[in-house]
Amino acid sequence: KNYLAKRFIDWLAVLLLGLVTLPVMIFSVLKIKKESPGSTFFKQSRVGLGGENFMAVKFRSMHENAKFNPYTQAEDPRIFPWGNFMRKSRVDELPQLWNVAKGDMHLLGPRTEWDILVAGYEKEIPYYHERHLVRPGISGWAQVLYPYGANTEDARQKLMYDLYYIKHWSIWLELETIIRTVGVVLGKKGL
């Protein structure tokens, strides 16, 4: 029953957000090509339900072949101007609606994390693997209540919110998370 309710919300979001943001997505494709030649999309192996990996799709916000660093820094030189806007406004996340439609993700849930970071977190943070009992989300309880994470300690703090969300899931918590997500996006606070 809960899964069907979440999938209904997922499909509603994919259809509504997809239609409403289509002009922004088309504009983003053109801006990415103009400001940073290369691929439009960024694909990365992320950990999903049951610890299974899948390829998450986002708009590329960094120059191709940028220096490797798993965490983004303030004033990061790898990020081109439109990429910076997309990150702050969450436009870079919109292609993940495809992952939601495919069933890799939900609209809401523990934020999907890069498999390389997960490998380290699971060694350092007790119960970290518990967040993979459910499908990850584009946004989630941790993203609306805790600032952008930049290290293992932030991941540890966010895990507490993720586990709360998993344990106490209800349609009301889902709706509150949607409302808070809109507030974060419109306020352009760290997600």
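The values are calculated or read from the model by the stated rules, or taken from the named source; none is laboratory data. Values in this document were obtained by computation on a predicted structure and should not be read as measured data. Virtual Cβ from ideal backbone geometry, glycine too; neighbours counted across all protein chains shown. Just the protein is used for accessible areas: all its heavy atoms, side chains included, with ligands, DNA and RNA removed. Shrake-Rupley method; radii C 1.70, N 1.55, O 1.52, S 1.80 Å.
Does Leu163 count as touching a Pro at 6+ places or on another chain (Cβ under 7 Å) and either basic (Lys, Arg) or part of a helix (DSSP H, G or I) (or both)? Before you say what the answer is, go through the steps one by one.
Details: touching a Pro at 6+ places or on another chain (Cβ under 7 Å): no; either basic (Lys, Arg) or part of a helix (DSSP H, G or I) (or both): yes.
Against the criterion (touching a Pro at 6+ places or on another chain (Cβ under 7 Å) and either basic (Lys, Arg) or part of a helix (DSSP H, G or I) (or both)), Leu163 does not qualify.
Hey, Lys123 hits all of (1) farther than 27 Å from Gly183 by Cβ; (2) in contact with an Asp or Glu (Cβ under 6 Å, 6 or more places away or on another chain) but one; which does it fall short on?
(2)
Listed here are the residues, each with its yes/no results for (1) open to solvent by less than 90 Å² (accessible area, probe 1.4 Å); (2) at pLDDT below 90.
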| site | (1), (2) |
| --- | --- |
| Lys6 | yes, yes |
| Met55 | no, no |
| Lys67 | no, yes |
| Pro81 | no, no |
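What number of residues in segment 91-122 are β-branched (Val, Ile, Thr) and surrounded by fewer than 20 Cβ atoms within 10 Å (Cβ to Cβ)? Working first, answer last.
The first filter runs over segment 91-122 and keeps only residues β-branched (Val, Ile, Thr), leaving 91, 100, 112, 116, 118.
Cutting the leftovers down to surrounded by fewer than 20 Cβ atoms within 10 Å (Cβ to Cβ) gives us 116.
Of the residues in segment 91-122, 1 are β-branched (Val, Ile, Thr) and surrounded by fewer than 20 Cβ atoms within 10 Å (Cβ to Cβ).
Counting just the residues of segment 123-133 that are of a type in the set (D, E, K, R) and open to solvent by 20 Å² or more (accessible area, probe 1.4 Å), which one comes out nearest to the chain's Cα centre (by Cα)?
Glu130
Since Leu163 meets every condition but one in (1) in contact (Cβ under 8 Å) with a residue 40 or more places away in the chain; (2) crowded, with 16+ Cβ neighbours inside 10 Å, which condition does it not meet?
Condition not satisfied by Leu163: (1).
Starting from segment 22-47, take each residue that is free of Cβ contacts under 8 Å to residues at least 40 places away in the same chain and list its partners that are basic (Lys, Arg) and loosely packed, with under 15 Cβ neighbours inside 10 Å, counting only C-beta distances under 7 angstrom and pairs at least six apart or across chains.
Listed pairs, sorted by first residue: Thr40/Lys33.
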